[in-house]
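For reference, the structure is listed below as structure tokens.
The values are calculated or read from the model by the stated rules, or taken from the named source; none is laboratory data. Fair warning: this is a prediction, and the values are worked out from it, not measured in the lab. FYI the Cβ positions are ideal-geometry reconstructions off the backbone, even for glycines, and counts take in every protein chain you see. When the accessible area is computed, the model is the full protein with side chains, heavy atoms only, and any ligands, DNA or RNA have been set aside. Shrake-Rupley method; radii C 1.70, N 1.55, O 1.52, S 1.80 Å.
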Amino acid sequence: MRAVNVSSARFRGPGMSKDERTAIGHRIRIARERAGLDREGLAARVGVHAGSIARWETGGSVPHAFTMERIAETCGASADWLRTGHGEGREAVVPASAGEEAGDVFASLDHVARFVEGIAPRGQERLRKLDALEGLRRMLTARGALPDWWYLLRERVENGQV
């Protein structure tokens, strides 16, 4: 009979793939950033160590159900959305005011994707594209709105899809 490391299974989410843990972590990060919190701020409000937040956001592990509820409550998100991506917060939309403030060129995923693809052919110059997205993130964050599509586009650039 094979021995199972119970503590490792608990922290990695038994039966949960790395992709599932990464997706949950991605949504936790989106919720945290939307709430205007850094990792230390969220950790203090939830009652955990900032390293736990980092581990969850990178897909190293997932929080327990109670902690997931506290994260959702603190960040103003749905716990179901954090766990599954379904429900409140799943649509990649830009609030009208954010699109107006940032200008029409930054109003949608399609517009910005075309802009990023113009930097270099698909799959090439990944670092330059990520730099451009980081500058856009700073601009949008300074104006108070970081839309969901920004995260989707960054993920596509990181995977060489744009």
(request) Sort through 105, 93 and tell me the only one that's part of a loop (DSSP other than H, G, I, E, B), open to solvent by 20 Å² or more (accessible area, probe 1.4 Å) and at pLDDT below 60. (result) 93
(message) Condition first: assigned to a helix (DSSP H, G or I) and open to solvent by less than 60 Å² (accessible area, probe 1.4 Å). Now tell me which residues in the stretch 68-79 satisfy that.
(response) 68, 71, 72, 74, 75, 79
(request) Mind listing whichever residues of the stretch 26-67 are part of a loop (DSSP other than H, G, I, E, B) and exposed (fewer than 15 other Cβ atoms within 10 Å of the Cβ)? (result) 36, 38, 47, 49, 58, 64
(request) Identify all residues within the stretch 120-138 that are surrounded by 13 or more Cβ atoms within 10 Å (Cβ to Cβ) and closer than 15 Å to residue 33 by Cβ; write none if there are none. (result) 133, 136, 137
